[in-house]
Every structure is written in structure tokens, then in C-alpha cells.
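Presented below is the structure to which this report refers.
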Amino acid sequence: MGGGTALGLAALQARAAARLAIPLPAPPPNVPPEPDMIADVGEVARIVRRSVSWVRRNGHTLPGFSQPGGKGCKVLWSRRALTEWLRARPSH
């Protein structure tokens, strides 16, 4: 074998090593968890298995209810509190 073959092999190894040294792109981030606070009355009604009108009238009695701006402002419910409440209730 001549010296050219050894140099070609060395160059090939150097290129392969350089490619392996390039970091792989980061995997896509995990899907973010669902936000805990729900502002949609329809979604709350679905979770607690009640009508939208029931939630509008009685939603303030549900666990996880909050109205940060005070009476007459936006209302929110904690998804976690609602699902825990449902699990703790005896089934009919």
C-alpha cells in the first residue's frame, strides 16, 4: 500500500470524527401541561357534569373557585381542585 491510502483513510476518519462531534439538535420540548386555572364555564360544566347554567348560578360553591378582581370580574376554577373533588365524591 502506498502512503496516499493511509492519508486518505486518516482524512476520512477525521471527517467522521468531526461529524460525530456536532451536537444533535435538542428534542422538541414536551407538550406543556394543561393550565390549572380554567376560565371557560363550558369546560367547568363538562368536568363537574353539570349544565352551563348550573355552573353560572352555583360555580362559586365549587372547589377551586376564585375571582381575583372581585365581584363582577372574571372567574376562574382550579382544574386540579375540581378533579380531586370529583374523585372524592361518592358515585351515585
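Only Cα pairs under 8 Å and 6+ residues apart enter the sum, and on that basis the relative contact order of the range 38-92 stands at 34 percent.
Using a Gaussian network for the chain with springs between C-alpha atoms less than 10 Å apart, which of these wobbles most: Leu20, Leu82, Leu62? Among Leu20, Leu82, Leu62, the largest GNM mean-square fluctuation belongs to Leu20. If you line up the long axis of helix 3-21 against the longest principal axis of the chain, both from Cα atoms, how many degrees apart are they, to the nearest 10? It works out to around 10 degrees. P(r) for the range 37-88, from all Cα pairs and a bin width of 5 Å, is 4, 23, 35, 26, 10, 2, 0 %, short bins first. Would you work out if the chain is rounded, prolate or oblate? Take a ≥ b ≥ c from the square roots of the eigenvalues of the alpha-carbon gyration tensor; rounded if a/c is under 1.5, else prolate when a/b is larger than b/c, oblate otherwise. It comes out prolate by the Cα gyration axes. Of all the options Arg19, Arg80, Arg46, the one that moves most in a Gaussian network model of the chain with Cα springs shorter than 10 angstrom is Arg19. The distance between label points at Leu12 and Thr83 comes to 5.5 nm (points 7 Å beyond Cα on the Cα→Cβ vector). Amide H to amide H, with H built 1.01 Å from N, Met37 comes under 5 Å of Arg79, counting only residues 5 or more places away or on other chains. Here the extension length gained between Ser51 and Ala39 equals 2.8 nm, from 0.36 nm per residue of separation less the Cα-Cα distance. With helices as the sole contributors, the chain gives -14500 deg cm²/dmol at 222 nm; each DSSP H run of n ≥ 4 counts as -39500 (n - 2.57), and the sum is divided by every residue. Here's how it looks for Phe65: its modeled amide H is under 5 Å from those of Ser78, which are all 5 or more places away or on a different chain.
Where a number appears in this text, it was derived from the coordinates with a stated rule and is not lab data. On a predicted model such as this, the values are computed, not experimentally measured, just so you know. Quick reminder, even Gly has a Cβ in these numbers, built from the backbone with ideal geometry, and neighbours come from all protein chains shown.
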